[in-house]
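Following: one structure in structure tokens, then a few remarks.
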Amino acid sequence: MYSTLRAPRAPAGSSGLVRLLTSPRAARLTAPLLILVAWQLVAPLIGSRLLPMPIEVVEEVGVLALEGTIWSAFGTSLMRLAVGLGLALLVGAPLGLLLGVSSRAEAFAHDFIVIGLTFPYLIWGILVSMWFGFGDVGPILVVFIAAVPYVMVNTAEGVRDVSRDLLDMARSYNVSRPHVLRHLVIPSLSPFFFAALRYGLANGWKGLVLAEVFAATSGAGWEIAGMRDIGNAAGVVVYALYFATFSILVERLVFGRLSAWVFRWRPRQPGAARATAS
Amino acid sequence: MSADAASPPIGRGTTKSDLATPRSSHRLSRVVVYAVLLLGWQALSTFVFPPYVLPSPLLVLQEMADIVASGLFWKHFLTTIIRLFIGFAIACVLGTAIGIAMGRSEYWREFFGDYIMLTLTTPGLVFALICAMVFGLSPLGPIVAIILTSMPHVTVNVHEGVRAIPRDLLDMAKVYEVPPAARLRHVLIPAVAPYLFTAVRYGFAIAWKITALTELFGSAAGVGFQIRTEYLVFSMRGVLAWALFLVVFAIIIERFVLMRIERDFFRWRRQAFA
Amino acid sequence: MATVELSHLRKVFDGPARSVTALDDVSFEASGHTFVSIVGPSGCGKSTLLNILAGVEEPTSGRAEIVEGDRRARLGYVFQAPRLLPWRTVIDNMMFVQSTHDQATRERAEHYLEMVGLADTRGAFPGQLSGGMQQRVGIARAFSIEPDALLMDEPFSHLDAITARTLRRELYSMWMATKKTVLFVTHDVFEAVELSNRIIILAKGGTLRRDLTIDLPFPRRPADDKVALMKTEVLRQFEELDLVAS
């Protein structure tokens, strides 16, 4: 009786192995495996100057890791990201607060923000290279420009979202202003501040590496473009893998763990989704 | 909320950011914004930067006119647009299919989940470089780059849409024996449409940028290629002119095509569209 | 001993289309260990009356206040929705509304949490509690500041009948134990009869139409004959006034 109620995952009579392979848990591994296989099959057809073979990439990982530039390159980029993002938060958060409380300010800023979100980082990269030459200033400025609209928009959203009901409740109990700020307003803002941080970081990073191609002589963006210029295809792929690893680390460790801690008070929602769109 | 309609909530009198401000003030502030930007640009180019570093708006406009007059505009702009639309169309179709698959099956969610996360967070530069490298001067470079970077945005939003399908409304329609075609048209599609729309918007915003970027690194024609050419001869005038062609094009599509569709079809949605 | 005083209270809201009179010349007094229910249809100004007494809205004319001796009374307010801070634990929510934050206050807060039987949930987040439990915390919170009087705005209207019945019993015991003045807004006539010794009926347009004394002994069992008869009587008064029309 009970067996008929359970939806079968694999055809009846199939082995446990097949069932394991078609289970969702295996899906996560199947995807990269398929990519690897396809890569191995396609690469010889295109030619290793254009698309390196997987084994060449593995070799190059070792070469670059030992040589050391790749580490300092990412280090430099991260430093610039941190500075630019810090500035974006410092400037963007108060401005976002202002937008949240004043509808006139919001109407005024709206189009600036749209332009800020639309204008390609490529052009910013070229412009700052003209203005500031090669160095740290250009890339940091581009991080700022890329991140600030996201910080502003999310902070404003957070301010607008503070629960009127809870504020009324605090007011009816005559809770002191500092307490309301500390225990009501700020915790209410924290998910939005988190989003501001997250999208500010993601977009700041994107703007940064592109700016480094034009406005710097160091950093991950400059290096990966350089690899391509000298025709080191494997090097390009290695750098791409490092970028990917960086993404995974940041997403999983930083935002995954941090998010779980910041939102530990939230009741469990059934079927919660994963990473969302920017 | 008390059943008492006559009493507004206790507390401060300030209202939420009012999205229903009269049209005239919106239009005015828009004009002001563009005026401020233009004036700022002019001021910077006149007083701060020399003309080869930041040319004035007029110089750039003149350059744009020259480009159009010389016929270069049509050759390169069309090249870019064609690649953009081909790539974006494929990205939309694939993205929708994957998004639906992910919405309905945990297996596909797991299968594509990591890839989506990676492509959303990896800088476009990486994709542009690799595609330019692998496909060389062929138009496949930009097209594949668009598919790789734009598709995840479409997928994520379609996925959201599928998850948001109102099961209770569908059940209600079934109970009243509403035929499947009518259910599709009046329940499913209106429910998913806003997400599809957001998907297209975000996807498009990424697509045109990545096209230009990939062309810059590996093409013999197109707006991106022209930007690189101008950059190599240090012509800021040229760089900005071509960039503006693209930006204005994007704004026109955004504002006049997409927003117009949004306004007409989604009037019933009281919430603001970010 | 807290005293509630309303004298010719009037409140008019000026809307974009027309002005709405929420309260129209309402006067009554109440003091001491009394449970007053304010009953009426939607839009009759019941919540506005509480808001004005709580000091968060100004009357258009007239006077409304709750005093304790010669000072303004300290008030506890229970809302329809629990209005707990979702990111703070139950005990932290209790502490949030206190005026002092020492150990003695904490123990007092815990004591009231025990009175509603939720001492075990002190470390839980509101999201982990059911609606009924959250509302009980809201009630405990109101009582825990040891106010001079309590204002309650349809606190049970969002709960299912069984939970509401349980909470009504708890509210009654707390009222008997603490001997406060309670002003209780509700649209449910039967609930009013079960809980209060005085029922004030407001009509749409905000006029005070009846001021009834419910002279039945406590505790009141809902199924009791006398209580049932009283319910019918009050309901008849309600219908006599034809309060739905406007």
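The values are calculated or read from the model by the stated rules, or taken from the named source; none is laboratory data. Worth saying up front: this structure is predicted, and the values here are computed from it rather than measured. Note that each Cβ is placed from the backbone with ideal geometry, even for glycine, and that neighbours are counted across all protein chains shown. Side chains included, ligands, DNA and RNA excluded: accessible areas come from the protein's heavy atoms. Shrake-Rupley method; radii C 1.70, N 1.55, O 1.52, S 1.80 Å.
Condition first: polar (S, T, N, Q) and at pLDDT 90 or above. Now tell me which residues in segment B:120-162 satisfy that.
Across segment B:120-162, the qualifying residues are B:Thr122, B:Thr149, B:Ser150, B:Thr155, B:Asn157.
Would you check if there is a residue in segment B:115-136 being touching a Cys at 6+ places or on another chain (Cβ under 7 Å) and open to solvent by less than 10 Å² (accessible area, probe 1.4 Å)?
Checked segment B:115-136: no residue is touching a Cys at 6+ places or on another chain (Cβ under 7 Å) and open to solvent by less than 10 Å² (accessible area, probe 1.4 Å).
Residue-wise test of (1) open to solvent by less than 30 Å² (accessible area, probe 1.4 Å); (2) facing chain B (nearest Cβ under 8 Å); (3) closer than 30 Å to A:Thr155 by Cα.
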| position | (1), (2), (3) |
| --- | --- |
| A:Gly200 | yes, no, yes |
| A:Val209 | yes, yes, yes |
| A:Glu212 | yes, no, yes |
| A:Thr217 | no, no, no |
| A:Gly221 | yes, yes, yes |
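Kindly indicate whether A:Ala202 is in a helix (DSSP H, G or I), within 30 Å of A:Glu59 (Cα to Cα) and not β-branched (Val, Ile, Thr).
It is true that A:Ala202 is in a helix (DSSP H, G or I), within 30 Å of A:Glu59 (Cα to Cα) and not β-branched (Val, Ile, Thr).
Do any helices (runs of 4 or more DSSP H) lying entirely in segment B:163-247 carry at least 1 residues that are among the β-branched types (Val, Ile, Thr), and which ones are they?
B:167-175, B:189-218, B:223-232
Are any of the residues in segment C:73-94 open to solvent by less than 20 Å² (accessible area, probe 1.4 Å), among the hydroxyl-bearing types (Ser, Thr, Tyr) and under 15 Å from the mean Cα position of the chain (by Cα)?
yes
Out of segment C:174-202, which residues are closer than 26 Å to C:Glu146 by Cβ and not in a helix (DSSP H, G or I)?
C:Lys179, C:Lys180, C:Thr181, C:Val182, C:Leu183, C:Phe184, C:Val185, C:Thr186, C:Ser196, C:Asn197, C:Arg198, C:Ile200
May I ask you to list pairs of residues, at least six apart or on different chains, whose Cβ atoms are under 6 Å apart, with the first in segment A:61-83 being touching a residue at least 40 places away in the same chain (Cβ under 8 Å) and the second being outside any helix (DSSP H, G or I) and open to solvent by less than 20 Å² (accessible area, probe 1.4 Å)?
Pairs found: A:Ala73/A:Gly219; A:Thr76/A:Gly219; A:Ser77/A:Gly219.
List the number of the failed condition for A:Phe246; all other conditions in (1) open to solvent by 40 Å² or more (accessible area, probe 1.4 Å); (2) in contact (Cβ under 8 Å) with a residue 40 or more places away in the chain hold.
(1)
If a residue must be in a loop (DSSP other than H, G, I, E, B) and within 16 Å of the chain's Cα centre (by Cα), how many such residues does segment C:1-40 contain?
Start the filter on segment C:1-40 by keeping residues that are in a loop (DSSP other than H, G, I, E, B), which leaves C:1, C:15-18, C:32-34, C:40.
Within this subset, residues satisfying the condition of being within 16 Å of the chain's Cα centre (by Cα) are C:32-34, C:40.
Qualifying residue count, segment C:1-40: 4.
Quick check: is even one residue across segment A:133-145 at pLDDT below 90, within 8 Å of chain B (Cβ to nearest Cβ) and not in a helix (DSSP H, G or I)?
no
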